[in-house]
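All remarks here apply to the structure that follows.
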Amino acid sequence: MTATARLAAYLELMRLHRPIGVLLLLWPTWWALWLTSGGLPDLKILVVFTAGVVTMRSAGCAINDYLDSDFDRHVERTRNRPLARGAIRPVEALVVCVLLLMVSLALVLTLNRRTQELAVIGALLAVTYPLGKRLTHLPQIYLGLAFGWGIPMAFAAVQDKVPPIGWLLLIANVFWTVAYDTFYAMADRDDDIRVGIKSTAILFGEDDRLIVGVLQASALATLALVGWNAYLGPWFFGGLGIAALTAVHHQYLARRREPAACFKAFLANNWFGAAVFAGIATHYWMQP
């Protein structure tokens, strides 16, 4: 394999060719940074958290593919991942993961002690999440915590504490993550049942869309509670209204439970996160 092909395989291992995972981590982190800062956060903190999202997401992908390589070979959507197809060796994936974790550590060491302590928990969540799908049908809850752990870290970095509204925002993110990752799991449901992977899509069965709808409504209601407690105005609630419309669109996409359509519903959640962020940012931007 040429050096160019190997580099491409490493980038593919880190999913840098598919930014949706980074965006789904970035939006809740930015929600928290703007809320805790009362608007545009300090540039250094913004850069550190944005870069940290990319490195931790990439590290999580590397360890996920290392642990799941045997399963990925038997799932239509994942059988061409670099480890599953043999483009790189398992030890190379581990090295990539360790290097990315070292970069993440260097980033977090520029922040305060409380944020560093929370980062240890975040790293453990990121690297152990792939094991959850072997143990429980609710790995999406674990993923929600892993994907949302930037929220308490952001509050800690700015305020040196995590107030109740920070934990409330994390709960909203868990509801949202379980909803969109159930769409993701619905796309793989048949293959997952065959190879023995557990997920909410399998657990929910024929009630999947109904339960996802309840989760989407719960996320929106919790975000509304966050906005109420943070004294956010009409701009925020307008953004929340747009997010609600995107949730309806996700349900429409997945109405027949076709795998490709369910995966589109998952991808479209980027616009949910963007709408919520736009509402928060515009609220502070429009303040006199």
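Name the residues in region 10-39 that are small (Gly, Ala, Ser), assigned to a helix (DSSP H, G or I) and surrounded by fewer than 20 Cβ atoms within 10 Å (Cβ to Cβ), would you? Selection gives Gly21, Ser37.
Scanning region 262-288 for residues that are of a type in the set (A, V, I, L, M) and without any contact (Cβ under 8 Å) to a residue 24 or more places away in the chain yields one hit, Ala268. Looking at Phe236, Phe175, can you tell me which residue is touching a His at 6+ places or on another chain (Cβ under 9 Å), crowded, with 18+ Cβ neighbours inside 10 Å and not in a loop (DSSP other than H, G, I, E, B)? Exactly one residue qualifies, and that residue is Phe236. The residue that is nearest to Phe147 (Cα to Cα), counting only those in region 40-67 that are modelled with pLDDT of 95 or more and assigned to a loop (DSSP other than H, G, I, E, B), is Pro41.
Looking at region 160-170, is at least one residue assigned to a helix (DSSP H, G or I) and closer than 29 Å to Arg255 by Cα? Checked region 160-170: at least one residue is assigned to a helix (DSSP H, G or I) and closer than 29 Å to Arg255 by Cα. In the condition set (1) in contact (Cβ under 8 Å) with a residue 12 or more places away in the chain; (2) under 30 Å from Gly39 (Cα atoms), Arg134 is compliant with all but (2).
The values are calculated or read from the model by the stated rules, or taken from the named source; none is laboratory data. Bear in mind the structure is a predicted one, so any value in this text is a computation, not a measurement. Here Cβ is always computed from backbone atoms with ideal geometry, including for glycine, and neighbour counts include all displayed protein chains.
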